[in-house]
């Protein structure tokens, strides 16, 4: 199963040990699914985790460790198509990743924009909780 975790899911995993997003990352480390990422996402993750409001809760070394794990162990998508579907243009790179990586699922906490699409091509867009249920079967 090929999966994309929205950056908000990755940040949530760092913020709440034992929460649904953290358990999703654990499932990836256990080999339950193949995780897809891109340079765009890694850069977004670096920027978000360096923001002063977030940095109070996430140690830079922990955030950097996740970026390194993603770079070395996830599938790094390098050629992303142009996609202009989301109400929020900043989310279009996730949909481009879904296309380029032929993702089965995109898990997000963005209820208003990305999640409301429900599907992008063959990629199902679901909550982190729903994806955890799927990978734990």
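Derivation of every value follows stated rules applied to the coordinates shown; laboratory data play no part. Small disclaimer: the values here were computed from a predicted structure and weren't measured. Using ideal geometry, Cβ is built from the backbone for each residue, glycine included, and neighbour counts are taken over all protein chains shown.
Considering only DSSP beta bridges with both partners in region 2-135, what is the antiparallel share in %, to the nearest 5?
If we restrict to bridges inside region 2-135, about 15 percent are antiparallel.
For the ranges 68-75, 103-110, what's the packing order if you count other beta-carbon atoms within 10 Å of each residue, average per peptide, and put the highest first?
103-110, 68-75
Once every DSSP H run of n ≥ 4 in the chain is given -39500 (n - 2.57) and the sum is divided by its residues, what mean residue ellipticity at 222 nm do you get, rounded to the nearest 500 deg cm²/dmol?
-14500 deg cm²/dmol
At a 10 Å Cβ-Cβ cut-off, how would you order 131, 117, 36, 47, fewest neighbours first?
Placing the least packed residue first, the sequence is 47, 117, 36, 131.
For each of 116, 40, count neighbouring Cβ atoms within 10 Å of the residue's Cβ, then give the residues from fewest to most.
By the 10 Å Cβ count, ascending: 116, 40.
Could you order peptides 53-63, 22-32 by the average number of other Cβ atoms within 10 Å of their residues, highest first?
22-32, 53-63
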